[in-house]
Ligand SMILES: [Zn+2]
């Protein structure tokens, strides 16, 4: 099945391929680094990670840009409250964000770009919009005049032709001619950080940063633009208005949006006491790979109910997968190949890929894996499963893990890392070779004390964590 996505712009499921050569030009909206990111944010970033991996599994190369919003009202407010310089403040939370992404095993985009590194380009873009009569100035701030962009609303499918006077569609506190108009450039306020530019002093609005950095790194028309569903309007609508007014070309061919995350069936909010950063959940003792599994397990266009029971089920599911892998690696199966089971593996492998290609249906993909596990375990119990069936089964598991990435356990605080375990095992092998059995036994015990079990097999030593 060819890769296909639901495109918010066309409201249709469409076959996907990049417009030029084999490279997908993709932009996804990144974090505003004013605090630790919460698990709702990470639902979207995990979806983007799955998206990247599925694009690559289809043979495409990636050129992916993600912004870091390192100037905005909340950042300025928090930095001021903590008597920190803007850069000093945002560096802390940018670093925290990157650490959290690593915890969840999210791949780095090819370009991770802070907004404040692109102020000159943003000022230039605003000057160009002004030259095209798309802006007006009020009290030193520059606004985009929506009335100059007749197709405004085409992404969110909102009809703006009626009377919308009084509707607030953008949150800023400046004077504008039409409720829809939004700030491209904000005049300096007393005591706030500002930049001196060709269009005067001030700082950029949020929307312009995405348009400018997307076009700079990816060209005038992107293959994919993605983000959370809450960004469709007004943020993405505004990105389209600015970008298409600048270039006269379609801004993005395909728009993908991830649905909301709920916690225990409720909207996450600080006042309900169900607001969690990734760090909060990890601190409760849940393995990062279980959190990742839960975040990936629901297709991105469905809202995800994050529950602690769900996290426990995710851990159980991962254990089943790891045990199955260990069984494949360590059990002795009868020689030969069981042809019907070989066909069963091929069918599961195909169903897995087809499900993901069907607009990233991760739930269906996981179902194909677990149905296969059940069949394989019973084929092993009945003796049908043969040694010749092992390589294809392992390669199917590897394909699964190249997307879901949950089989490798995360080292806990004070625990040996995978690399350290491997190094000790190597040392133990060398000790055995040198007939230093005392040292070899000592290492086995040291690993056992750390909860690591060694299995000597024909093809070498395998290990797992208890
Ligand atoms: Zn954006």
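Hey, among the residues in the range 344-364 that are in contact with a strand residue (DSSP E or B) (Cβ under 9 Å, 6 or more places away or on another chain) and in a helix (DSSP H, G or I), which one's surrounded by the most Cβ atoms within 10 Å (Cβ to Cβ)?
Per the criteria, the residue is 357.
Is it the case that residue 15 is surrounded by fewer than 22 Cβ atoms within 10 Å (Cβ to Cβ) and within 16 Å of the ligand (Cβ to nearest atom)?
Answer is no for this residue.
Per-residue answers, yes or no, for (1) at pLDDT 95 or above; (2) more than 35 Å from the chain's Cα centre (by Cα):
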site: 125; (1), (2): yes, no
site: 131; (1), (2): yes, yes
site: 138; (1), (2): no, yes
site: 154; (1), (2): yes, no
site: 168; (1), (2): no, no
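Being assigned to a helix (DSSP H, G or I) and under 19 Å from residue 214 (Cβ atoms) narrows it down to one of 98, 9, 62, 51, so name that one. Before the answer, list the steps.
Values: 98 fails: under 19 Å from residue 214 (Cβ atoms); 9 fails: assigned to a helix (DSSP H, G or I); 62 fails: assigned to a helix (DSSP H, G or I).
Exactly one residue qualifies, and that residue is 51.
For the range 232-256, which residues satisfy the criterion of being surrounded by fewer than 21 Cβ atoms within 10 Å (Cβ to Cβ), within 16 Å of the ligand (Cβ to nearest atom) and either under 29 Å from residue 310 (Cα atoms) or free of Cβ contacts under 8 Å to residues at least 12 places away in the same chain (or both)?
Once the filter is applied, which keeps residues that are surrounded by fewer than 21 Cβ atoms within 10 Å (Cβ to Cβ), within 16 Å of the ligand (Cβ to nearest atom) and either under 29 Å from residue 310 (Cα atoms) or free of Cβ contacts under 8 Å to residues at least 12 places away in the same chain (or both), the range 232-256 yields only 232.
Mind listing just one residue for me: the one in the range 290-305 that is crowded, with 18+ Cβ neighbours inside 10 Å and more than 14 Å from the chain's Cα centre (by Cα) and, of those, farthest from residue 102 (Cα to Cα)?
304
Out of all the residues in the range 257-267, which are under 20 Å from the mean Cα position of the chain (by Cα) and either within 16 Å of the ligand (Cβ to nearest atom) or on the phi > 0 side of the Ramachandran plot (or both)? So that I can check it myself, show each step before the final result.
Step one: filter the range 257-267 for residues under 20 Å from the mean Cα position of the chain (by Cα), giving 257-263.
Of everything in the range 257-267, those that are under 20 Å from the mean Cα position of the chain (by Cα) and either within 16 Å of the ligand (Cβ to nearest atom) or on the phi > 0 side of the Ramachandran plot (or both) turn out to be 257, 258.
Say whether the condition of being within 16 Å of the ligand (Cβ to nearest atom), part of a helix (DSSP H, G or I), within 19 Å of the chain's Cα centre (by Cα) and under 23 Å from residue 359 (Cβ atoms) is met by at least one residue in the range 20-42.
Checked the range 20-42: at least one residue is within 16 Å of the ligand (Cβ to nearest atom), part of a helix (DSSP H, G or I), within 19 Å of the chain's Cα centre (by Cα) and under 23 Å from residue 359 (Cβ atoms).
Pick from 399, 464: which is in a helix (DSSP H, G or I) and either in contact (Cβ under 8 Å) with a residue 12 or more places away in the chain or over 23 Å from residue 294 (Cβ atoms) (or both)? Don't jump to the end; show me each part of the working.
Working: 464 fails: in a helix (DSSP H, G or I).
The conditions single out 399.
Table: residues versus (1) more than 26 Å from the chain's Cα centre (by Cα); (2) over 30 Å from residue 299 (Cβ atoms); (3) surrounded by fewer than 17 Cβ atoms within 10 Å (Cβ to Cβ).
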residue	(1), (2), (3)
59	no, no, yes
69	no, no, no
97	no, no, no
100	no, no, no
105	no, no, yes
118	no, yes, no
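Do we find a residue being assigned to a loop (DSSP other than H, G, I, E, B), surrounded by fewer than 17 Cβ atoms within 10 Å (Cβ to Cβ) and touching a residue at least 24 places away in the same chain (Cβ under 8 Å) anywhere in the range 306-323?
Within the range 306-323 (the criterion being assigned to a loop (DSSP other than H, G, I, E, B), surrounded by fewer than 17 Cβ atoms within 10 Å (Cβ to Cβ) and touching a residue at least 24 places away in the same chain (Cβ under 8 Å)), the answer is yes, since at least one residue qualifies.
The values are calculated or read from the model by the stated rules, or taken from the named source; none is laboratory data. Remember, it's a predicted structure, so these values are computed and weren't measured experimentally. FYI the Cβ positions are ideal-geometry reconstructions off the backbone, even for glycines, and counts take in every protein chain you see.
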